[in-house]
Amino acid sequence: MAGYEDLIGREDINDLEAILSVANTDTTEIVRAVRDNADAIFTWDYEKGARPALEKLYEKAKTSQWNGETDLDWSIEVDLESVVVNNFAQNAAPGGAGFADFEVAGTPFETWTDQQWLDLGVESNKWMLSQFMHGEQGALICTAKIVETVPWIDAKYYAATQVMDEARHVEVFAKYLDTKLDGYYPINTHLGLLLEDIVNDSRWDMTYLGMQIMVEGLALAAFGFMHMMTTEPLLKQLLRYVMSDEARHVAFGVISLKEYYEGLTDAEIFERQQFAFEAAVRMRDRFMQQEVWERMGVPVKEAIEAVMLTPTRQMFQMMLFSKIVPNCKKLGLLDRNDAWLRRRFEELGVIQFEDWVDTGSEYENFALTDEELAPAS
Ligand SMILES: [Fe+2]
Ligand SMILES: [Fe+2]
C-alpha cells in the first residue's frame, strides 16, 4: 500500500496504534485560537442572481428559518437509559447499540454485566451528540469564513443564511446535552484537527470542500441514520429540523464547487483530491470514539478491534460516506489524475456509493412540511 505519511501522518490508513496516539490532552481548555490564513474578499459586483442556483437556494433559506426555542417540544422528558434499551432492541442505532452482534469470548467484554452495556450505550449517545455539537460550531465558524472569502455576491448572501442556521444548530444540540443528558464530551482530536486544517487554509474553496462537502455530507448521512433509528421523540424532531437545513448546506457546496472546479488544472485538482482523502480518513478515525472506551475503563485498542469489526458497525461506518462519494463524483474529483481519489475511496471501502443520488438538488426533498412546522405545544 502507498505511504500516506505526508497526508495523514502515518503510512497505513488502518494503523490503529498510530490513530490512537493522537489524543486530546487538554480536556479543560475553554478557548482555542486557530490561525486563519485567508484574505477577506470584497466584491463590487452586486448583480443578484448572476448564479441562479445560488439565488434560488438563498430565497429558499430565507423562508425556511425556524426557532429552536419554540419549534421544538422541550417539555418532553428524556430518559436516556430507556432510550438505549429500546435502541438495543432495534440493534443498530449509532452510539446506542449495534454492538449486539459480536462474539464477546476472548475480548475485554467477556465479563461485562448488563449494567455495563447500558452504561456504554448512554456514554456512546452522549459522545456522538457532543461531537455533532462541536462539528456544528465548526460549521458556524467555517461558514462565517466563507462569507468573507468567497468572491461571488450570491454566495455571500447564501452563506450569511447558513451562519444563522449553524448558530441555531449549535444552540439546540447544546441545550439538548445540557438539559436532557447532563453534559458533554470534549471535542475528539481527529475532528478538531480536521476543523483546524479547514480554518487554516488560505484557498476559499477548501473551506467548502472540507465543511460543506466532507463534514456536512457526513453529518447529513449520520443525522439521517440516527433520525431513523432513535425512539426518542425530542431528538427525532431536533434531527429532522437540523437535516432540513443541512441538505441545503451540502447543496451550497456542490453548486458552488461544481462551477469552480471545472476551471481548475489537474495539479490544482490533485490538491483537492488529497484534501478530500485526508478529511475522509480523519472523520473515519473519529468514529472509533476512543474517549468512550477510556471512560468505560476498557483497553482502547482491544475494544476497538473487537467492536469496530462487527457487521453492524462496519455498515454504519460505510453509510457515513453515502453522501460524500456521489458529491465528490459530481464535482469531478473521483476520476481526475488517473482516478486518484477513486483508488483511495476503494481502499476505505466506500466507493460503492458513487452512483447514489448527489445532494445538488436533493434538498427540496428535505424541506419541512406544514404539519411539521406547526408549533410544538
Ligand atoms: Fe449544521
Ligand atoms: Fe450545516
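Values in this text are rule-based calculations from the coordinates and carry no lab data. These numbers were taken from a predicted model, which means no experiment stands behind them. Here Cβ is always computed from backbone atoms with ideal geometry, including for glycine, and neighbour counts include all displayed protein chains.
Some observations on this one:
- Spatially proximal lysines relative to residue 145 (Cα-Cα < 18 Å; intrachain offsets below 8 disregarded): 156
- Its Cα gyration tensor gives the stretch 16-66 an equivalent ellipsoid, and the semi-axes of that ellipsoid, as √(5λ) in whole Å with the largest first, are 40, 18, 14.
- Shape category assigned to the chain from the gyration tensor of Cα positions, a/c cut at 1.5: oblate
- Considering the stretch 276-377 at the alpha-carbon level, its Rg and Dmax are found to be 17.9, 56 Å.
- The stretch 229-283 shape via C-alpha gyration tensor axes, a/c threshold 1.5: oblate
- Most fluctuating residue given options 139, 40, 276, as computed from a GNM of the chain linking Cα atoms under 10 Å: 40
- Spin-label proximity, residue 364 to the stretch 47-72 - amide N less than 12 Å from point 7 Å beyond Cα toward beta carbon: 57
- The stretch 204-307: C-alpha gyration tensor shape, a/c 1.5 cut-off, then a/b vs b/c: oblate
- Calculated FRET efficiency, residue 113 to residue 271, Cβ-Cβ distance, R0 = 56 Å: about 0.65 to the nearest 0.05.
- The calculated FRET efficiency for the pair residue 315 and residue 338, based on their C-beta separation and a Förster distance of 41 Å, comes to about 0.85.
- Under the combined filter of DSSP loop state and at most 14 neighbouring Cβ atoms within 10 Å, the stretch 1-74 retains these chymotrypsin sites (Phe, Trp or Tyr not before Pro): 42, 44, 46.
- FRET efficiency, residue 258 to residue 26 (Cβ-Cβ, R0 35 Å, nearest 0.05): 0.30
- Using C-alpha pairs under 8 Å with a sequence gap of at least 6, the mean separation divided by the residue count of the chain gives a relative contact order of 23 percent.
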